[in-house]
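These notes concern the structure reproduced below.
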Amino acid sequence: MVGELDRESGIGAGGNGETVIESAKSAVRGVSSAARDVARDRAQGLFESNKAAACAGIHSVANALRQASDDMDEGGFAQAARRAADKVEDFSRTLEQRDLGAVIEAAEDYARRQPLVFIGGALAAGFALARFLKASSERRHEGVGSEASAHRGESYRAVTTGGYVSPHTP
C-alpha cells in the first residue's frame, strides 16, 4: 500500500516528487538570496546615512583631545593626548572614505590581529552604550517623575503601614 501511495503521489525514485522538491529548494534559495540582498542594501543605506554624523562626532573627540593636550603642560600626558587625537582623526578620515563592507572587513582583520584589544574595545563600547541608554531613559522619564514618585510614595507608605493609604491621606 505504501508503494501504491508513492506511485500515486509521484514521490519516489525518478518521480515528479523529486522535481517538486528541487523546485521548492530553488524557490527557497531565491527568496533567501533576495532577502539577503535587501538586508545588505538596507544596512548599507543606514550606514551611509549615519556615517557623516558618526565622523563628525569622532572628529569632535579628536578636537577635544587636542584641546586637552594644549591645556596640559608639555610632558608625557600632553604628547599621549596628541597622539591619541591623531589616531582618532585618522580613524575618522578612514571611516569617511570606506563603505560598510570595507569597514566590516577592517574590523574583522583587526579582531584577528588583536583579539584582546578588540574584545576590550567592544566591552568598553558596550558599557558606554548602556550608560548612554540608561541616562537617556532617565531623562525621558523625568517629566513624569513627580507623578511617578507620588505613586511610589503611596505604595511605600502602604507597605510600611501595613494597609492602603489613599492618595488624599497626608
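Since every read-out is calculated from the coordinates, none of them should be taken as a lab result. What you see is a predicted model; the values in this text were computed from it and never measured. Glycine also receives a Cβ, built like all others from the backbone with ideal geometry; neighbour counts cover every protein chain displayed.
Taking region 108-119 as the region of interest, how many residues are surrounded by 12 or more Cβ atoms within 10 Å (Cβ to Cβ) and in a helix (DSSP H, G or I)? Within region 108-119, residues that are surrounded by 12 or more Cβ atoms within 10 Å (Cβ to Cβ) and in a helix (DSSP H, G or I) number 3. With respect to the conditions (1) surrounded by 13 or more Cβ atoms within 10 Å (Cβ to Cβ); (2) in contact with an Asp or Glu (Cβ under 9 Å, 6 or more places away or on another chain), Asp99 falls short on a single one, namely (1).
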